[in-house]
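Have a look at the structure below, then the notes.
The values are calculated or read from the model by the stated rules, or taken from the named source; none is laboratory data. These numbers come from a predicted model, not from an experiment. Cβ coordinates were reconstructed from backbone atoms using ideal geometry, including for glycine residues, and neighbour counts include every protein chain displayed. SASA here: full protein model, heavy atoms, side chains in, ligands and nucleic acids out. Shrake-Rupley method; radii C 1.70, N 1.55, O 1.52, S 1.80 Å.
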Amino acid sequence: MDCDKCGDEAVTHAAYSGLHMCGDCFTRSVEKRVRRRVREDALLPEDATPQDPDTWVVGLSGGKDSVVLTRVLYDVFEADPRVELVALTIHEGIEGYRDASVDACVELAEELGIRHELVSYEEEFGVRMDDVAAEDPEGMAPCAYCGVFRRDLLETYAEELGADKLLTGHNLDDEAQTALMNFLEGDVEQMAKHFDASLGPFDQRSEQDRFVPRAKPLRDVPEKEVALYAHLEDLPAHITECPHASEAYRGEIQDLLLQLEENHPGTRHSIMAGYEELARVASDRFREDESELGECGRCGAPTNRDVCRKCYLVDAVGGSAD
Ligand code: SF4
Ligand SMILES: [Zn+2]
Ligand SMILES: [Zn+2]
């Protein structure tokens with residue numbers, strides 16, 4: 001098959017668009033989608049200047065998504081002095097898994113010459129995920145602890161690094177899965193939070209003064225295309241799965257979505273288009289409740305309890321956040 005854009009030999013076919021593309025046209029199309037998403041989400045404020053650039057802290061895990069995001073942002077904004085990129089890597093303490101992916105992060109950051117910060121659960125909370133998973137004092141999936149700890153460190157360090165935005169590598173499949181899970185669980189409040197935390201243009205989200213705003217510039221790019229980009233560009237991505245991965249429900253949703261996509265190309269895009277609109281409406285509806293959050297008695301983070309979820313869990317696993 002020939003590339004629909006330039007006539008060279010095609011390496012990929014996207015059923016949802018009907019396009020066959022060669023390697024060069026494909027990588028350009030990924031970069032174009034990221035650029036468009038940055039524009040549509042109004043990520044780069046008009047008043048950013050080379051003297052006072054917008055600082056974008058990228059959560060770099062070493063997996064293909066965050067590696068591709070970092071590289072594409074670098075390529076797209078390298079020549080733009082109004083943007084400053086910083087990579088932030090979280091080490092969860094998972095033997096044989098995170099060490100290799102941290103190497104991938106270091107390699108990429110060095111290659112691109114961008115600032116790179118590494119923080120670990122062990123140094124910050126005195127715990128390692130391997131021990132948390134083995135002991136599991138709360139009787140829940142390892143990812144339930146890990147997600148809370150990671151979110152906390154990303155937010156804390158993004159703030160410390162002077163971030164104007166915190167960017168993560170979620171792709172179209174990740175986002176469509178989350179959307180469908182929120183639908184199926186009937187969780188409208190969660191939709192509102194999802195929107196305010198990371199979807200939609202900045203001027204439509206509700207005020208989140210206490211958090212660095214989040215963005216997901218890869219969320220128009222399907223997972224398979226992210227993997228293809230990493231492969232074609234020969235990026236140092238780490239692909240092994242975490243040994244504690246345990247989100248069984250998400251796995252079911254993933255299978256369902258892939259099946260739907262195969263029978264009805266474009267399903268993921270249409271889910272996200274409708275969901276984003278609904279989530280925006282939900283965000284308006286729940287806007288007042290958000291402002292009633294108090295502060296955690298230990299760390300001062302916004303919460304509706306006496307002690308925030310992170311401090312509670314750090315305590316439960318025998319760690320210390322001080
Ligand atoms: S799969 Fe779960 S336990 Fe492993 S790094 Fe991700 S969130 Fe943490
Ligand atoms: Zn081409
Ligand atoms: Zn706290």
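Express the accessible area of the chain per residue in Å², computed with a 1.4 Å probe while the remaining protein chains stay in the model.
Details: 15930 Å² over 322 residues.
Ligands and nucleic acids excluded, the figure is 49 Å² per residue.
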Inset, instruction - Please say if segment 122-194 is rounded, prolate or oblate, where rounded means a/c under 1.5 for a ≥ b ≥ c the square roots of the C-alpha gyration tensor eigenvalues, and otherwise the choice is prolate for a/b larger than b/c and oblate otherwise? - result: oblate
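Computing the accessible area with a 1.4 Å probe over protein heavy atoms, can you report the carbon and sulfur percentage for the chain?
45 percent
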Inset, instruction - Check cross-link reach from Lys224 to the lysines: straight Cα distance under 18 Å, and skip same-chain residues fewer than eight apart. - result: Lys32, Lys64, Lys216
Inset, instruction - Please list, in chain and number order, the residues 5+ apart from Thr55 or on another chain whose amide H is under 5 Å from its amide H, with Hs placed from the backbone. - result: Glu84, Asp164, Lys165
Inset, instruction - Obtain the nm distance between the two label points defined at Glu295 and Arg250 by a simple spin-label model: each point lies 7 Å from its Cα along the Cα-to-C-beta direction. - result: 3.2 nm
Inset, instruction - Stick to Cα atoms and the Kirkwood definition of Rh, then tell me Rg/Rh for segment 179-322. - result: 1.01
Legend entry - Square roots of five times the Cα gyration tensor eigenvalues for segment 120-264, Å: 24, 22, 19
Inset, instruction - Return the calculated 222 nm mean residue ellipticity for the chain, to the nearest 500 deg cm²/dmol, obtained by summing -39500 (n - 2.57) across DSSP H runs with n ≥ 4 and dividing by the residue count. - result: -16000 deg cm²/dmol
Inset, instruction - Take the alpha-carbon positions of segment 12-316, form their convex hull, and give its projected area averaged over all directions (one quarter of the hull surface) in nm². - result: 15.8 nm²
Legend entry - Selected from Asn182, Asn304, Gln204, residue furthest toward positive end of dipole (segment 171-315; charges at beta carbon): Asn304
Legend entry - Added length on full extension, which subtracts the Cα-Cα distance from 0.36 nm per residue, Glu95 to Arg305: 72.2 nm
Inset, instruction - With all distinct Cα pairs included, what does the Kirkwood hydrodynamic radius of segment 244-311 come out to in Å, to one decimal, could you say? - result: 15.5 Å
